[in-house]
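Before any comments, here is the structure.
The values are calculated or read from the model by the stated rules, or taken from the named source; none is laboratory data. Everything numeric in this text was worked out from a predicted model, so none of it was measured. Every residue, glycine among them, receives a Cβ derived from its backbone with ideal geometry; neighbour counts consider all protein chains shown. The protein model used for the area step is the full one, side chains on, heavy atoms only, and it has no ligands, DNA or RNA in it. Shrake-Rupley method; radii C 1.70, N 1.55, O 1.52, S 1.80 Å.
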Amino acid sequence: MLRAAARPVAMVLGILAILQFFVPHRAGRWVEARLVDWLVLLEAAALVAGVMALARRHVVRCKAGGSDRLFSSLTLGAMGITLLAGLLPGEAASTTFDTLYEWVLQPIQSTMLSLLAFYMASAVFRSFRFASAPATILLISAVTVLLARVPMGEEMVPRISVFSTWIIRGPNVAATRGVWIGIGLAACATAFRVILGIQGPTGGRRS
Amino acid sequence: MARVLVLLALLPSLAAGQEAVLSDSTQSAQPETSTVLVDSAAVQPQVPVPSLLPSAVESLVVIDAPNDAGGAVNLYWTLSIDEGLGVGSFAGYEVLRAGSAEGPFVSLATLGPGTDRFTDRSVHAGASYYYKIRTTSRLGGMTDSEAVGPVKGRGQWFDSRRVPVLAGLLVILLVVLTTRVLPPEQEWILPAVRTLKSILGRKHAGSVVFVPGTGGVGDMGTIASLTLLEQVVRVNADEGPPVVVYTSDPMTNALITEEFGESDTRFVCPDRMVFSLAFTGEALRQPPGVGLLVGSMGSEAFLLAETLRRSGSVAVGGTTDVAETPFLITSCDLTLIGEELFLVGPALAPDGCRAATLVHDRLKVLTWILILIGVAAAKFGVAWYMKLFGSGAD
């Protein structure tokens, strides 16, 4: 019942969101601001629900035992410590919460980002091993662009930067725009199908 | 003292036998002659002489700015005659505004020579304003134009610059509404759909892991991934392995939990790198049979794809971030490129959602026609056609 009632509401709000793009009047901005307000409220409630689901899952895993107990215990402990740190008083930038962010979260983010470099190297090597025509074109393009970016490249192959610029501004831009046009058309059509109820928000045809 | 300085500044002109007009620099709003052309055979050619009082601008027009919320007013004027004559002492223009014709006028902006328009974006919708343009001289003189007004900023209900966008949307809507389901023998299936069907149809040792991107629920990539998720769950519902969904966005998590239940939906963390770390740990400890990474993702898409590859899983990737697509191609067994991301979900559906692929084909044909006309328009300099495709935004 609630779900059936939600669909017309979603449809009206979707149409309103499209219309406000064409309405410069303050009323249009007002509608947009209210929609954003509701979105923020829903997101806050969804975050609480998500954290509760996360905690519940790890509590179940701790109770069940097994090899995952250690990781689940660590997750629950980290959640508890972060929650306590957030509740402790202190000035901005000197709180325990900020210290945790700076000394725990940021190193984690940096570590994962640094992994990218290693993964890229191995993925590129793997790609170039295939002796197919696309891989060969990719190899030639990559080497050209890389060489053009260093002073040594121009010394080795005169005017390589001209060819590199052509690759970046020509085939690269053309391919990217082609993909974007396809994404844009498909996104518009999908949006209309969802808003009009032809296709549900999680797929499938709604009768 | 000021007059002495001005006289010193004018000495070269006076020494050349030219006549300058000196006036009180404080008086204004009188369109006085600011340059004197000496009609003398001794001075050839005629040279404009700098004056303390520059000539006022004429034809000041003030109108409400179109296509806005009422917070802007446009001003247009003809350039001061001093600019046309090339008087070296001409400094520029100053825009003045007041709430009544009597003033007091306050300065809004100082503009250089050659400027003949200004948009005042600091007006309150519905309030009345009067404007003057003050011409200034480097010698200290200034002349105000007549006050023009009242003008009110009014909000418009339709942005006329966006008519082409509206027309485009209506065409897409028309195609969506008029496209019917094709008979099965006439269906055209995307190659990616065939590959995906074969991947999902195989017997796998582990579970099917689905990541609907790391973007918000409002991202089109997320919407596309949710469409695919429903079909993946449907295909695996009878005898396939369980589908485990890892989410990073709370709203997406709530939507998936609502549709598919909490037991197989795992909210991890909104932070993309922490999400990648948690996913990497789980995937390496319990390698999935198939991993689908589909949705709005940045560099973390490559991290997740490489993790799946290292864990020996079959990886299917697809992201709306075009820059990340090449990385997915190197890591995934199947990569959904561009519109495939939006079409595989409906194409896998057992019913009429497959019409989505036909909608897209028709739209692509229309786009090709528009592009070809655009190439011809660019070749023959038809500017209005190319202007049609602006977004209308400032």
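Here are a few things to note about the model shown:
- At least 40 Å² accessible surface lost relative to isolated chain, residues of the stretch A:22-46 (1.4 Å probe): A:Phe22, A:Pro24, A:His25, A:Arg26, A:Glu43, A:Ala46
- Buried area at the B-A interface (accessible, heavy atoms, 1.4 Å probe, summed, Å²): 5900
- If the segment from A:Leu41 to A:Met120 were pulled out straight at 0.36 nm per residue, it would be longer than the present Cα-Cα gap by 24.5 nm.
- Here the Karplus relation 6.51 cos²θ - 1.76 cosθ + 1.60, evaluated at θ = phi - 60°, turns the backbone of the stretch B:277-294 into coupling constants of 4, 5, 5, 4, x, 5, 5, 7, 6, 10, x, x, x, 10, x, 10, 10, 10 Hz, with x for every Gly and Pro.
- Distance-filtered residues of the stretch B:136-175 - backbone nitrogen under 19 Å, label point 7 angstrom along B:His124 Cα→Cβ: B:150-156
- Looking at the stretch B:188-353, the accessible area is 32 square angstrom per residue; that uses a 1.4 Å probe and ignores ligands, DNA and RNA.
- The overall shape of the stretch B:188-353 is rounded: from the C-alpha gyration tensor, with semi-axes ordered a ≥ b ≥ c, the ratio a/c is less than 1.5.
- Taking every alpha-carbon pair under 8 Å whose residues sit at least 6 apart, chain A reaches a relative contact order of 13 percent.
- Partners of B:Lys132 within straight-line reach, counting lysines whose Cα lies under 28 Å from its Cα and excluding those fewer than 8 residues away in the same chain: B:Lys152.
- Among A:171-184, B:326-339, the order from most to least packed when residues are scored by Cβ within 10 Å on average: B:326-339, A:171-184
- The spread of Cα positions in the stretch A:1-87, taken along each principal axis and listed from longest to shortest, comes to 58, 35, 17 Å.
- Extending 7 Å from Cα along the Cβ direction at A:Val150 and again at A:Leu16 yields two label points whose distance is 5.8 nm.
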